[in-house]
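The values are calculated or read from the model by the stated rules, or taken from the named source; none is laboratory data. Please read these numbers as outputs of a predicted model, since none were measured by experiment. Counting neighbours? That spans all protein chains shown, and the Cβs are built from the backbone with ideal geometry, glycine included.
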Amino acid sequence: MFKKILIANRGEIACRVIKTARRMGIKTVAVYSDADAAALHVEMADEAVRLGPPPAAESYLLGDAIIAACKATGAEAVHPGYGFLSEREWFAKRLAEEGIAFIGPPPAAIAAMGDKIESKKLAKLAGVNVVPGFVGEIEDTEHAVRIATDIGYPVMMKASAGGGGKGMRLAFSEADVREGFEATKREGLASFGDDRVFIEKFVEQPRHIEIQVLGDQHGNIVYLGERECSIQRRHQKVVEEAPSPFVTPEMRRNMGEQAVRLAAAVGYYSAGTVELIVSGTDTTGQGFYFLEMNTRLQVEHPVTEEITGLDLVEQMIRVANGEKLAFTQDDVKLDGWAVETRVYAEDPYRGFLPSIGRLTHYRPPAGADGVRVDTGVVEGSEISMFYDPMIAKLITHGATREEAIDKQIVALDSYVLRGIGHNIDFLSAVMQHPRFRSGNITTGFIAEEYPDGFSGAAVSEATRHDLIAVAATIHAIRIEREAMIDNQLAGHGAVFGEDWVVMLGKDQVPVRVESYGDRFMVQHGDHEHEVETGWKPGTHTCVATVDGRQVAIQTERRGVGYRLTTRGAMHDVRVLTPRAAALAGHMIEKIPPDLSKYLLCPMPGLVMAINVADGDKVEAGQPLAIVEAMKMENILRAEKSGTVKTVRAKAGESLAVDAIILEFE
């Protein structure tokens, strides 16, 4: 077995590999850019080597620097994680030339499956179902329009070397192709160094399902069931689960056997994933089509680990060391259900715009049965504009799908993450959504269920009562504490009493609070709640028992009130004396400034293009500018008709959030 391996990656996946290597008694070497000098994966590893400046092209993508780090530290093998160099044939070849093992598939398999155009041809030859489309090289936009018309709309345009949701555009018309083809080429070139694009038919009511395969260097290949990855936003996965609520045993076998056949055709070994698009209307068990094969570990591999009991990283290491698989297809059993949500540095309340900054508070849920967090950050970590916005993965496992989902909701309620925008509320809302819980999902779920964006999950009557009871309780605790302190100071008496008004949204709810140590009785109207909690002022989460039920509500002091967050929504709450509540109704509401005459940069990013000039007349929906952030191009469009007065920014300029791009008359 290897004595030392180098992890050619960063963040949560580097930490994930280090944990398994440590358990196997293998020493680890981390690599890092200047932006990651104080990162968790650097701290966890036995050794660490600096690669270069923050941009990936000057650090994590430098294969020769990584090989030099192997030689300097004596690392015998490299685990590439995912992204970066994980699917670069030349890197695997260079390692082999230097006598360093690659913990992944052979270079020939990477080459065969890494090119989406060539991989579709190989899949077809191997007898795998393939989506109708054009698998040759596309000359220009006019050629793309002709191809799309021949296939029939809607079509999907994809960068040939793409992945991770980047370099993809859905086109419903010729106009969409003309606007999106060049953008797809640019994203492919910027992210993967390859601007080739292919076009294929877009499957209606599509579900994204993938098969995990695992092979050794002795010709043994198995499939480990499927993962459902249909909950996506902009083609980027947000929620994954295993198994799929849609796949039948017969379909699973058909998919698995085709995936193994494809892997065998390219001499595959190590862990890999065959991605499929499945028609949600199919009843034959054959309505699935090959999309691509990812010749690496997938981000969502933990859900497969949870239901199979296998450590895929360990299996990859053992295969790279020349060992045979210790089990056969008949030994693979699926146990229970697992769900994974991706915690991203993006603000769903602001159109999912990327967010960067420092994690001022970070407390992932821990210790609960069936709850796992794969993360690469700690409190104080910096979320950089240079890398993917994923902060962590929250994985839950239960005997049933419903149990795994419910564990997600509870864990998300207690996931403390402050200092940047994040999508935890949105993830909780998805977990609670009736359609998601029914399993009737497609890749269009988010666009269909949140067409106007996200403003918080709907509040049930039970949650409303919990908010009232907890708000009154934490306020009573704070006032009691202040009274104990103030009684020691002459002339400073805290206002303390039993009657209060909880101002929740536009509602004023009179309450009566009685304190009995850590137990409180809260009355409002005909309702009475018994609350038990050890919460103290300054604690980020109030874990309480309300009428015998355990709830977790995140608390944050906001001026004279509180921000309470639970069940996928934030609530600004004030608890006032009856007199103060009566006077509050007479307060003049502060009107926010009118910014409708400005196009503001919605996120920190690089201006790729300005599409208008001073004096131009624009129509609603017209592209005004393109801003790139975290390797994704964002087209900013006019919200209404108007005339451009002044363009304040220019292409190539880096802008901060809310910087003025242009002004309208």
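Key figures for this structure:
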quantity	calculated
Count - residues of region 163-179 that are surrounded by fewer than 21 Cβ atoms within 10 Å (Cβ to Cβ), in a helix (DSSP H, G or I) and in contact with a strand residue (DSSP E or B) (Cβ under 8 Å, 6 or more places away or on another chain)	2
Residue that is nearest to Q236 (Cα to Cα), among those in region 160-212 that are among the hydrophobic types (A, V, I, L, M, F, W, C) and in contact with a Leu (Cβ under 8 Å, 6 or more places away or on another chain)	I209
Members of region 189-225 that are at pLDDT 95 or above, among the hydrophobic types (A, V, I, L, M, F, W, C) and touching an Asp or Glu at 6+ places or on another chain (Cβ under 7 Å)	I209, I211
Filter result (part of a loop (DSSP other than H, G, I, E, B) and closer than 30 Å to M587 by Cα) within region 506-532	K506, G525, D526
Members of region 228-261 found to be among the acidic types (D, E) and part of a loop (DSSP other than H, G, I, E, B), listed by number	none
Test: residue in region 292-302 that is farther than 23 Å from A108 by Cβ and polar (S, T, N, Q)	no
Some residue of region 18-27 being without any contact (Cβ under 8 Å) to a residue 40 or more places away in the chain, within 30 Å of K324 (Cα to Cα) and in a strand (DSSP E or B)	yes
Any hit, region 340-355, residues being in contact with a Phe, Trp or Tyr (Cβ under 9 Å, 6 or more places away or on another chain), within 20 Å of T541 (Cβ to Cβ) and in a loop (DSSP other than H, G, I, E, B)	no
Residue list for region 121-148, filter: hydrophobic (A, V, I, L, M, F, W, C), assigned to a loop (DSSP other than H, G, I, E, B) and within 14 Å of R178 (Cβ to Cβ)	I138
Among (1) touching a residue at least 12 places away in the same chain (Cβ under 8 Å); (2) closer than 24 Å to K93 by Cβ; (3) crowded, with 17+ Cβ neighbours inside 10 Å, the one test that M44 misses	(2)
Matching option when the condition is over 24 Å from D195 (Cβ atoms), assigned to a helix (DSSP H, G or I) and of a type in the set (D, E), among E43, E118	E43
Inter-residue pairs, beta-carbon under 8 Å, first in contact (Cβ under 8 Å) with a residue 40 or more places away in the chain and in region 449-468, second of a type in the set (G, A, S) and in a loop (DSSP other than H, G, I, E, B), 6+ apart	G453/G351; G456/G568; A457/G568
Within region 438-473, tally of residues that are touching a Pro at 6+ places or on another chain (Cβ under 8 Å) and more than 26 Å from I277 (Cα to Cα)	1
Residue match in region 281-299 (condition: part of a loop (DSSP other than H, G, I, E, B), under 21 Å from the mean Cα position of the chain (by Cα), crowded, with 16+ Cβ neighbours inside 10 Å and among the hydroxyl-bearing types (S, T, Y))	yes
Matching option when the condition is in contact with an Asp or Glu (Cβ under 9 Å, 6 or more places away or on another chain), over 19 Å from Y415 (Cβ atoms), hydrophobic (A, V, I, L, M, F, W, C) and touching a residue at least 12 places away in the same chain (Cβ under 8 Å), among V560, V546, V551	V546
Strands (runs of 3 or more DSSP E) contained in region 533-622 and holding at least 3 residues touching a Cys at 6+ places or on another chain (Cβ under 9 Å)	549-558
Residues within region 58-82 that are in contact (Cβ under 8 Å) with a residue 24 or more places away in the chain and not in a helix (DSSP H, G or I), tallied	12
Filter result for L189 (assigned to a helix (DSSP H, G or I), over 26 Å from Y268 (Cα atoms) and within 27 Å of the chain's Cα centre (by Cα))	yes
